[in-house]
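Trainee: A single structure is presented below for examination.
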Amino acid sequence: QVQLVESGGGLVQAGGSLRLSCAASGIQLSHNGMNWYRQAPGNQRELVAAITGGGTTNYADSVKGRFTISGDNAKNTVYLQMHSLKPEDTAVYYCHTARNWRAYWGQGTQVTVSS
C-alpha cells in the first residue's frame, strides 16, 4: 500500500522560507517520480514541481528560481525547499505519485504566507 505523509507547512512572512517533506512508503523513490501540487481556496490544484526517479526536475513558471524539489532515496523522502515566499504561494501543498496507472496523494500541508 502506497502512503505519502507531508509535513513542514506553517505560517511565514513574505520573503521567508519553508521546507516541506513527503515521506513515502510502499514505493521506491529511485523508481518513481514524485510531484508537489498546491491548491489555494477557489482555485484548481496545480502542479508546482516534479522529480523523476532519475532525478530530473521540472517547475511551474511561478516558482522557478525560488523552489527546489529534491529526493533522499535512503530516507524515501522528497522535499520542497521554498524561498522568497509570496502571499500568492499560500495554499495546501500535496505530495503525489502514480504507480500502475493509479494516483496517490498525501493528506496535504497548509502553507500560509503573510504580507
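Trainee: Give me the percent relative contact order of the stretch 13-115, please, defined on Cα pairs under 8 angstrom at least 6 residues apart. Mind showing how you got there, number by number?
Mentor: Details: 216 pairs, mean separation 34.8, N = 103.
About 34 percent, as a whole number.
Trainee: Roughly how many nanometres apart are two label points built 7 Å out from the Cα toward the Cβ at residue 114 and residue 88?
Mentor: 2.2 nm
Trainee: Are there trypsin sites (Lys or Arg not before Pro) in the stretch 1-91 that DSSP marks as loop and that have at most 12 other Cβ atoms within 10 Å, and which are they? Please list the in-between numbers first.
Mentor: Numbers: sites: 19, 38, 45, 64, 66, 75; in loops: 45, 64, 66, 75.
Taking the stretch 1-91 and a limit of 12 other Cβ atoms within 10 Å, the loop trypsin sites (Lys or Arg not before Pro) found are 64, 75.
Trainee: Hey, can you grab everything whose amide H is under 5 Å from the amide H of residue 86? Only 5+ residues off in sequence or another chain; H modelled, so Pro and N-termini drop out.
Mentor: Amide H neighbours of residue 86: 15.
Trainee: Treating only the Cβ of Lys, Arg, Asp and Glu as charged (+1, +1, -1, -1), what charge dipole size does the stretch 37-84 show about its Cα centre? Round to the nearest 20 debye.
Mentor: On the way: 5 positive and 3 negative charges, 14 e Å.
I would put it at about 60 debye.
Trainee: Right, another one. Counting only protein heavy atoms, what percent of the accessible surface of the chain is carbon or sulfur at a 1.4 Å probe? Intermediate values should be presented prior to the final figure.
Mentor: On the way: 2840 of 6130 Å².
About 46 percent, which is the carbon plus sulfur part of the accessible surface.
Trainee: Please work out the C-alpha center-to-center distance from the stretch 12-46 to the stretch 85-115 and express it in whole Å.
Mentor: Spelled out, the Cα-based centre of one part sits 4 Å from the other.
Trainee: Give, as a single signed number, the net charge of other residues whose beta carbon lies under 15 Å from the beta carbon of residue 75, with Lys and Arg counted +1 and Asp and Glu -1.
Mentor: For residues surrounding residue 75, the net value is -1.
Trainee: Write down the accessible area per residue of the chain in Å², having rolled a 1.4 Å probe over the full set of protein chains. Provide the component values of the computation, followed by the final result.
Mentor: On the way: 6130 Å² over 115 residues.
With the other protein chains kept in place, the chain gives 53 Å² per residue.
Trainee: So, one more: What is the Cα coordinate range of the stretch 74-115 on the first, second and third principal axes, sorted by size from largest, in whole angstrom?
Mentor: Here the Cα extents, ordered largest to smallest, are 42, 23, 13 Å.
Trainee: Using DSSP to call loops (not H, G, I, E or B), can you name the chymotrypsin sites (Phe, Trp or Tyr not before Pro) in the stretch 55-104 whose Cβ has at most 11 other Cβ atoms within 10 angstrom? Intermediate results must be reported in sequence, preceding the final value.
Mentor: Values: sites: 59, 67, 79, 93, 94, 101, 104; in loops: 101.
Within the stretch 55-104, the qualifying chymotrypsin sites (Phe, Trp or Tyr not before Pro) (loop, at most 11 other Cβ atoms within 10 Å) are 101.
Trainee: Please give the contour-minus-distance gain from residue 105 to residue 73: 0.36 nm per residue of separation, less the Cα-Cα distance, rounded to one decimal in nm. Kindly include the intermediate steps, with their values, before the conclusion.
Mentor: On the way: separation 32, 0.36 × 32 = 11.52 nm, distance 1.88 nm.
Working it through step by step, the gained length comes to 9.6 nm.
The values are calculated or read from the model by the stated rules, or taken from the named source; none is laboratory data. All values reported here derive from a predicted model rather than from experimental measurement. With ideal geometry, Cβ positions are generated from the backbone for all residues, glycine too; neighbour counts draw on all protein chains shown. What goes into the accessible areas is simple: the full protein's heavy atoms, side chains included, and nothing from ligands, DNA or RNA. Shrake-Rupley method; radii C 1.70, N 1.55, O 1.52, S 1.80 Å.
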